[in-house]
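S.K.: Before anything else, here's the structure in question.
The values are calculated or read from the model by the stated rules, or taken from the named source; none is laboratory data. As the structure is a computational prediction, the values presented were derived from the model and not from experiment. Don't worry about glycine lacking a Cβ; one is built from the backbone with ideal geometry, like all the others, and counts go over all protein chains shown.
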Amino acid sequence: MIPELGQFSLILGLCLALLLSVVPMVGAYNGNQLWVDYARPLSKGVFAFLSFSLLCLGWAFLSNDFSVVYVANGSNTNLPWYFKISAIWGGHEGSLLLWVWIQAVWTLAVALKSKTLPHDIVGRVLGVMGMITVGFLLFILFTSNPFDRFLPGFPAEGADLNPLLQDFGLIVHPPTLYMGYVGLSVAFSFAIAALLSGRLDAAWARWSRPWTTVAWAFLTIGIALGSWWAYYELGWGGWWFWDPVENASLLPWLVATALIHSLAVSEKRGVFKSWTVLLAIAAFSLSLLGTFLVRSGVLTSVHAFATDPQRGMFILGMLIVVIGGSLLLYALRAGSVKSDSSFGLLSRESLLLVNNVLLTVACAMVLIGTLYPLVMDALNLGKISVGPPYFNALFVPLMSIMAVFLGIATVSRWKHTSVSMLVSQLWLSAVAAVVAGLVTLWLYGGVLEWWAGLALVLAYWILFTGMRDIYNRVRHRRNLWQGMRQQSRSFYGMILAHIGVAIMIVGVAMVTVFEEQTDMRMAPGDRMTFRDYTFIFDGTREVQGPNYISDMGRVRVLYQGEPYTEMFPEKRLYTARGMVMTQVALQPGLFRDLYIALGEQLEPESGAWAVRLQYKPFVRWIWLGAIFMTVGGVLAAADPRYRRQARRDAEMAKV
């Protein structure tokens, strides 16, 4: 009965979403305020019904209702309760339900937090978000229903959740990533609403900017969580594999990064408005493209959800409608948009435009590398593979150039900046960055590795130019502390995000250049000296888990001859599926990780195993940088001036 209630709730949610997508839009077009005002209660209704549906699916998992096909395929009576909850989005159908529920969350948030905006704009924004909800609900109900039953009989036991997904990463990574993916629909909806109303002005950019920044922050931390999960779960020790599904999340992030900077220029200077709208359309379109890649069956990946071409055709159709319709509207309306001001060749506007172009080119490069093998295969031109050499050869130089311009843009001025001013502002930062980068590299590694040296110089460059910007803002204040307190949250959010970029650059470069790895045979009593650490293998013992049997190794670690820690890598057999999984042992640290993975048992009689030992310097700085960027984004979005200015805009609109 509970699953039927969940499905019925989905149908009711679809009905309200249809009303939401039509009534406020028609009201805004006809100037009917009553119809426009229906947008908020309809948004609340959609959220309520989809929340109830999600709870019904959760109840089916927790109560081991294996008459539900989705539950039988993705759960088991021995599965721990917290994995039963995360199993809701551990497969295709449930993850789509989570997606559309998060869409309802964002729709409700816009409805509740936009009371100071003009009613017609809010009606159009919520109407567009309702249309997106309708598309995904139709997809769920016709192709991916999570409440389908086994009738008349059903299995007595479930097949269990994929062992790869029985991890804390499943609990936090998909919801966070989806909050970013789906959050880009808000920026898209504001852009479409602005095109429909013809109000592509600074106020529109100001309304859209905090929502876009929050979505970008969620997407940033979501991608970082996925990288961290793959690092310790897959047993390879890598943090980014240029997997097509990984690329599917990187593509909208690159465009969203360009978008939040372009929105800043549109808000402050009244330029780039057409370009900003195009970026908003592209960011959400790429999130839909990522959904198509993951769920269409065109990719084979450990991250992919579905292999049903019919489902892929549905999403492809929706992708064509969204992209085609929005670009048609853009072509009809964007030509009439005029910039409110001009700027010189050397100005903050120009430098931000250069960074926008670099991010867009990087996105195009990743997109081509991801789709080219699929196109070749579809046209029967042969199977090819585009791997890390292609992406690293193009992506790394583009991001290095972008880091240089990032530092220059930080201290530049709006409208016009003289060369002499830039030189006076930047020469000390440039010299200090080169010296600090090379000295740091020499002190750490004792060698001058070219790529690592360049990365450290760029990281210091970003850090020192950010410090210079802070100094410029407070140097004329009588009280330094008071001057720093007077700076806006968005300014400090920008500084934190840029520091995060610098930290991530250090992590990527240092772990790439200085990581060490060895694969060896180890029997009980064997030892291996690696860096300043000695690893002593004491053998394995059998451990019984809730739904697996594990061979758990014990490795004692000595640091410079003294006892340091113990590590316990595992080889797990998940009994329900008969799958063997590697559970790595990690000894994390701020400046290095020790990483041990058990391979295959080589000699049962002697207890010898294949063991992989890895030393990974600064790898955690990659995710630390992402945390800084996320906090910076949230801090910028929380700037109260957006709310104050929104009230002023509403008052001006009434006048």
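S.K.: Six or more apart or on different chains, Cβ under 6 Å: which pairs go from a residue in segment 372-395 that's more than 19 Å from PHE241 (Cβ to Cβ) to one that's among the basic types (Lys, Arg) and in a loop (DSSP other than H, G, I, E, B)? Could you list them?
M.R.: ASP377/LYS383
S.K.: Output the residue which, of all residues in segment 147-170 that are part of a helix (DSSP H, G or I) and in contact with a helix residue (DSSP H, G or I) (Cβ under 6 Å, 6 or more places away or on another chain), is nearest to GLU93 (Cα to Cα). Reasoning before the result, please.
M.R.: Keep residues of segment 147-170 that are part of a helix (DSSP H, G or I), which gives 163-165, 168-170.
Keeping just the survivors that are in contact with a helix residue (DSSP H, G or I) (Cβ under 6 Å, 6 or more places away or on another chain) gives 169-170.
Values: GLY169: 19, LEU170: 15 Å.
Among them, the one singled out is LEU170.
S.K.: Does at least one position in segment 517-531 carry a residue that is closer than 16 Å to LEU594 by Cβ, over 25 Å from the mean Cα position of the chain (by Cα) and without any contact (Cβ under 8 Å) to a residue 40 or more places away in the chain? Steps first, answer last, please.
M.R.: Just the residues of segment 517-531 that are closer than 16 Å to LEU594 by Cβ, to begin with: 517-520, 522, 527-531.
With over 25 Å from the mean Cα position of the chain (by Cα) added as a condition, the list becomes 517-520, 522, 527-531.
If we keep only those that are without any contact (Cβ under 8 Å) to a residue 40 or more places away in the chain as well, we get 527, 529.
Checked against the condition, which is being closer than 16 Å to LEU594 by Cβ, over 25 Å from the mean Cα position of the chain (by Cα) and without any contact (Cβ under 8 Å) to a residue 40 or more places away in the chain, segment 517-531 yields at least one hit.
S.K.: Something else now. Just to be sure I understand, how many residues within segment 419-454 are under 24 Å from GLY493 (Cβ atoms) and modelled with pLDDT of 95 or more?
M.R.: Total satisfying the criteria: 1.
S.K.: Let me ask another. So TYR642 ticks every box in (1) assigned to a strand (DSSP E or B); (2) within 30 Å of LEU117 (Cβ to Cβ) but one. Which box is left unticked?
M.R.: With respect to (1) assigned to a strand (DSSP E or B); (2) within 30 Å of LEU117 (Cβ to Cβ), TYR642 is out only on (1).
S.K.: Now, a different point. Scanning segment 544-594 for residues that are touching an Asp or Glu at 6+ places or on another chain (Cβ under 7 Å) and basic (Lys, Arg), which turns out surrounded by the most Cβ atoms within 10 Å (Cβ to Cβ)?
M.R.: Top of the filtered list is LYS571.
S.K.: For THR512, indicate whether it is under 30 Å from LEU161 (Cα atoms), at pLDDT below 95 and surrounded by fewer than 21 Cβ atoms within 10 Å (Cβ to Cβ).
M.R.: Values: under 30 Å from LEU161 (Cα atoms): no; at pLDDT below 95: yes; surrounded by fewer than 21 Cβ atoms within 10 Å (Cβ to Cβ): yes.
The answer is no for THR512.
S.K.: Next question. Inside segment 76-92, can you point out the residues that are more than 11 Å from GLN166 (Cβ to Cβ) and either crowded, with 24+ Cβ neighbours inside 10 Å or of a type in the set (Phe, Trp, Tyr) (or both)?
M.R.: TRP81, ILE88, TRP89, listed by residue number.
S.K.: Among the residues of segment 114-144, write down those that are assigned to a helix (DSSP H, G or I) and among the basic types (Lys, Arg).
M.R.: Of all residues in segment 114-144, those assigned to a helix (DSSP H, G or I) come to 119-143.
Within segment 114-144, ARG124 is the sole residue that qualifies.
Here's the yes/no breakdown for (1) of a type in the set (Ser, Thr, Tyr); (2) within 21 Å of ILE88 (Cα to Cα); (3) surrounded by fewer than 24 Cβ atoms within 10 Å (Cβ to Cβ):
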position: VAL172; (1), (2), (3): no, yes, yes
position: SER185; (1), (2), (3): yes, no, no
position: ALA191; (1), (2), (3): no, no, no
position: ALA203; (1), (2), (3): no, no, yes
position: GLY270; (1), (2), (3): no, no, yes
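S.K.: Any chance segment 38-49 includes a residue that's under 21 Å from TYR70 (Cα atoms) and in the same structural domain as ALA104 (by TED's automatic domain parsing)? Spell out how you get there, then give the answer.
M.R.: In the first step, residues of segment 38-49 are kept if they are under 21 Å from TYR70 (Cα atoms); the result is 49.
Then keep just the ones that are in the same structural domain as ALA104 (by TED's automatic domain parsing); that gives 49.
Yes, segment 38-49 contains a residue that is under 21 Å from TYR70 (Cα atoms) and in the same structural domain as ALA104 (by TED's automatic domain parsing).
S.K.: Just checking, how many residues over segment 523-537 are surrounded by 15 or more Cβ atoms within 10 Å (Cβ to Cβ) and either under 30 Å from TRP81 (Cα atoms) or out of contact with any Leu (no Cβ under 9 Å at 6 or more places or on another chain) (or both)?
M.R.: The number of residues fulfilling the criteria is 3.
S.K.: Show the residue pairs that are 6+ apart or on different chains and have beta-carbon atoms under 6 Å apart, the first residue being within segment 567-588 and part of a loop (DSSP other than H, G, I, E, B), the second being polar (S, T, N, Q).
M.R.: Hits for this filter: ALA576/ASN76.
S.K.: Looking at segment 227-284, which of its residues are in contact with a strand residue (DSSP E or B) (Cβ under 9 Å, 6 or more places away or on another chain) and outside any helix (DSSP H, G or I)?
M.R.: First pass over segment 227-284, keeping only residues in contact with a strand residue (DSSP E or B) (Cβ under 9 Å, 6 or more places away or on another chain): 231-237, 239.
LEU234, GLY235, TRP236, GLY237, TRP239 - these are the residues of segment 227-284 that are in contact with a strand residue (DSSP E or B) (Cβ under 9 Å, 6 or more places away or on another chain) and outside any helix (DSSP H, G or I).
S.K.: Checking the conditions here, which among ASN32, ASN73 is out of contact with any helix residue (DSSP H, G or I) (no Cβ under 7 Å at 6 or more places or on another chain) and either in contact (Cβ under 8 Å) with a residue 60 or more places away in the chain or within 18 Å of LEU141 (Cα to Cα) (or both)? First the steps, then the outcome.
M.R.: Numbers: ASN32 fails: either in contact (Cβ under 8 Å) with a residue 60 or more places away in the chain or within 18 Å of LEU141 (Cα to Cα) (or both).
Answer to the check: ASN73.
S.K.: Taking segment 238-261 on its own, how many of its residues are buried (at least 19 other Cβ atoms within 10 Å of the Cβ) and closer than 17 Å to LEU586 by Cβ?
M.R.: Number of matching residues: 1.
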